[in-house]
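Okay, structure first, notes after.
The values are calculated or read from the model by the stated rules, or taken from the named source; none is laboratory data. From a predicted model like this one, the values you see are computed outputs, not experimental measurements. Don't worry about glycine lacking a Cβ; one is built from the backbone with ideal geometry, like all the others, and counts go over all protein chains shown.
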Amino acid sequence: MREENLVKVLASTLYEVINHRVSVDVAFKRACKGRCASNTSEREELYHLARNLVSDYIRVTCSLGKEKPYGKIARAWLNGVDDDDLPPWCRLSYKEWFYRRIVGLLGKKEGEALLKAMNERVWWLRVNLLRSSVEGVLRDLDSEGVTYEVDREIPYMIKVIESRKPVRLLKPVKEFRAVPQDKASAAVVEALRPQPGDVILDMSFAPGMKTSLIQMLAENEAKVVAVDISYRRVLTGVDLLRKLGVDPSRTLVVNADSTQKIFRDEGFDKVLLDAPCSNSGAVSKDPGIKVNLTEGKVRHYAAIQKELLIRAIELGEEVVFSTCSLMPDEGELVISEIYDYVRLQRPIKWAHSGYDVVSFYTEVMRFFPHKDQTDGFFLAKIIRE
Ligand SMILES: C[S@@+](CC[C@H](N)C(=O)[O-])C[C@H]1O[C@@H](n2cnc3c(N)ncnc32)[C@H](O)[C@@H]1O
């Protein structure tokens, strides 16, 4: 690709991420329209450049000073940026407030290790036992020359070490016998311990990664009600559940607001609340998150989480609450609102304790990118007294 066109694609990806607040993947697709070759390897190379530029955006703009047009930023980045004299948040390419909060919680050495880890993508595959066996998927990965590790804690999870092909184009992924899903996301469902016959409410299910794992672990024999407020995401969810082999006769999908009283109190054995959040733990998946993350966003989601959690506890005896966030505001501090009325359990042995900003931090769980090679997740299992 000619340099002029390359700069246009990179600048346009930045424009989409910053002005339309979309993920890097969506931004790149839009930026590529009419500009990129359909040739997979060239397109992949270009995608990686665009993704790395978004990840480096804060570092480059720190170095250039003053706001510059996106084309100038892309060109400067391609020529190499001198970051020797920049403060640590700029060198790691995070906003100052976020850097300070993480380092305040974990200390400088560990905090920086976490932020650095999130600048790299780690790929996990979940074998879809509704459609395949672990051995079947491993055979396919072997024949496609993928190097991988089968996880020790969750044996249907596979960490991809190296793959010539993009993960989404691997045969078992295209056939929905394996699905890209983070190990911490799987741990959330493991904490719920779904069993055949359970009546389970998934309060914010879309696009359905965890709902499908619930049914996988319950051998498609749980009764699941899957609710989401977003009609567009519900449609994507219905399609995904079907492709993953989830039994629609035992999985009722509802487009509604879960804070509203649409179900009878105490109507469920188990409730999953994988709450909407700032996504600050998912930077490795989408570096656009760190560009658009604000303290206001964290406060906004924390308030929604509290409202949803209070309703969750009315609906079921056992509630699993999770957020893909590294902020205690969207984890420990949400639980502190209900702590006096409930009991907490720690079903995931390999999980870490929460941040010690609350007295009960050992009773809640966290997963960390630099320690677990997962997204940053908060997890609590709540038993109503
Ligand atoms: C973290 S995502 C859920 C991901 C999903 N559990 C999965 O594993 O595929 C949060 C979801 O919460 C939904 N949501 C936000 N507010 C809601 C509400 N009041 N009631 C129901 N769903 C809500 C969003 O539309 C979004 O799909």
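Quick notes on this one:
Matching residues to (1) β-branched (Val, Ile, Thr); (2) in contact with a Phe, Trp or Tyr (Cβ under 6 Å, 6 or more places away or on another chain); (3) surrounded by 14 or more Cβ atoms within 10 Å (Cβ to Cβ):
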site	(1), (2), (3)
GLY104	no, no, no
ALA113	no, no, yes
ASN119	no, no, yes
LEU130	no, no, yes
GLU135	no, no, no
ASP140	no, no, yes
VAL146	yes, no, yes
PRO155	no, no, no
LEU169	no, no, no
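- Taken over the range 359-385, the criterion of being modelled with pLDDT of 95 or more, surrounded by fewer than 17 Cβ atoms within 10 Å (Cβ to Cβ) and part of a loop (DSSP other than H, G, I, E, B) is satisfied by SER359, PHE360.
- For the residues ILE214, ILE200, the requirement of being assigned by TED's automatic domain parsing to the domain that holds ALA380, assigned to a strand (DSSP E or B) and in contact with a helix residue (DSSP H, G or I) (Cβ under 7 Å, 6 or more places away or on another chain) singles out ILE200.
- For VAL199, the stated conditions do not hold, so it cannot be described as surrounded by 15 or more Cβ atoms within 10 Å (Cβ to Cβ) and either at pLDDT below 95 or of a type outside the set (Phe, Trp, Tyr) (or both).
- Residue in the range 325-332 that is within 30 Å of TYR15 (Cβ to Cβ), of a type in the set (Asp, Glu), touching a strand residue (DSSP E or B) at 6+ places or on another chain (Cβ under 8 Å) and in a helix (DSSP H, G or I) present: yes
- Cross-chain or 6+ apart pairs with Cβ under 6 Å, the range 284-313 first and aliphatic (A, V, I, L, M), then at pLDDT below 95: ILE313/ARG384
- Test: residue in the range 365-380 that is over 22 Å from ALA186 (Cβ atoms) and not assigned by TED's automatic domain parsing to the domain that holds TYR57: no
- Selection count where residues are assigned to a helix (DSSP H, G or I) and among the β-branched types (Val, Ile, Thr), scope the range 301-324: 3
- For first residues located in the range 101-126 and under 15 Å from PHE367 (Cβ atoms), partners that are in a loop (DSSP other than H, G, I, E, B) and of a type in the set (Gly, Ala, Ser) and lie 6+ apart or on another chain with Cβ distances below 6 Å form the pairs MET118/SER284.
- Number of positions in the range 187-204 that are under 26 Å from ASP372 (Cα atoms) and within 14 Å of the ligand (Cβ to nearest atom): 9
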